[in-house]
Protein chains: 2
Amino acid sequence: MNEIRIGGLRFSLDLSQPLYEQVLEQVRSSIAKGEIALGEKIPSVREMAQALKINPNTVMRAYQELERERLTETRRGQGTFITTDAARVQEIRNKLAEQAVEQFLAKMESLGFGLKDIESMIRAKGGVSQ
Amino acid sequence: MNEIRIGGLRFSLDLSQPLYEQVLEQVRSSIAKGEIALGEKIPSVREMAQALKINPNTVMRAYQELERERLTETRRGQGTFITTDAARVQEIRNKLAEQAVEQFLAKMESLGFGLKDIESMIRAKGGVSQ
DNA sequence: TAAGTGTATTATATCACTTAATACACTTAA
DNA sequence: TTAAGTGTATTAAGTGATATAATACACTTA
């Protein structure tokens, strides 16, 4: 539970993956899930770096990718804000989900599992709500 | 379609992932799927390296991991052979599938998707046989 | 004007991965 | 016995991604 809370966001970083990627994915998930409101300001690069105890450049790298995906808008001198474009958020959310599904099905297929197997395994594991 | 065939195995390598990991996973999948018979010999380290145009050390790394997982048995001077332990193969196959399912569900949950959503997306994508 | 933003640059360090070149122990077949 | 083919170990080197550090600049706001 190495969880860090800052500006309405939750982070837990480890060494299993590049830091910038973890920051990117966790902010992105928060946006996709609607845990952080559209138009809201997220912590500044320096603030985030200090809170997560990582280098500002590493945070920058994550923030720049978020902007490239148009999930955030950055205003020089003001800060970084979640986009107000709800459609864009849904677009990204669906794209990421599709990628996850494809990748998952490919993996399962490579192990020789069929659709029926996969469905029953998911139902068995299903600790997911709804 | 950068596919390479050697000793009943199919490989397609790229730069998106460590080479030794790709070799490992692709041999492992072939075993799990039963595409290569139990007890069968797989190409020698040097032979495989030459065919895939990679370094013998890189192949070694993959082969050693396969042996650690007890999916292969190596006999000095003779070669590397698929295990004859069918139960072990199923064990690994199921373990990998469980991991894939867990990781997938975690990812989907992080995007705010529930079980129903997931099931319908899988049915929609389902290009998998059976 | 001062403090807080995003941004860019240069340098350095570390680590995983890969290749290369050799060498050794073992097995098998000629 | 010998030669060729196995797995295995070692040492060295190069490369690229990642992360840090230090600094500077442009912009905005109070």
What is the mean number of Cβ atoms from other protein chains located within 10 Å of the Cβ atom of each residue in peptide B:111-123, rounded to a whole number?
-> 6
Is there a simple number for the mean count of other chain Cβ atoms within 10 Å of the Cβ of residues in B:91-103, and what is it?
-> 4
Compare the Cα positions of A:Ala124, A:Phe81, A:Gly112 along the charge dipole of the stretch A:60-124 (+1 at Cβ of Lys, Arg; -1 at Cβ of Asp, Glu; about the Cα centre) and return the one farthest towards the positive end.
-> A:Phe81
Answer in debye to the nearest 20: the dipole magnitude of the protein assembly as shown about its Cα centre, from +1 Lys/Arg and -1 Asp/Glu charges placed on Cβ, is 240 debye
Step through the residues of the stretch A:45-57 one at a time and calculate ³J(HN,Hα) from phi using the Karplus curve (6.51 cos²θ - 1.76 cosθ + 1.60, θ = phi - 60°), rounding each to whole Hz and writing x for Gly and Pro.
-> 3, 5, 5, 4, 4, 5, 5, 8, 6, 10, 6, x, 4
Inter-copy distances for B:Arg68, nm, shortest first, label points 7 Å along Cα→Cβ, are 3.2
Dipole size in debye (nearest 20) for the stretch A:64-130 around its Cα centre, Lys and Arg Cβ +1, Asp and Glu Cβ -1?
-> 180 debye
Would you mind working out the magnitude of the charge dipole of chain A relative to its Cα centre, with +1 at each Lys and Arg C-beta and -1 at each Asp and Glu C-beta, to the nearest 20 Debye?
-> 300 debye
Applying the gyration tensor rule to the Cα atoms of chain A (axes a ≥ b ≥ c; rounded if a/c under 1.5, else prolate if a/b exceeds b/c, else oblate), the class is prolate
Can you give me the Cα centroid spacing of the stretch B:20-76 and the stretch A:72-130 in angstrom?
-> 32 Å
Taking all pairs of distinct alpha-carbon atoms in the stretch A:80-119, Kirkwood radius in angstrom = 12.0 Å
For peptide B:30-39, the mean count of other chain Cβ atoms within 10 Å per residue Cβ is 1
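Values quoted throughout were computed directly from the atomic coordinates according to the rules given, and no laboratory measurement underlies them. Remember, predicted model here, so these are calculated numbers, not experimental data. Heads up, the Cβs are rebuilt from the backbone with ideal geometry, glycines too, and the neighbour counts pull from every protein chain shown.
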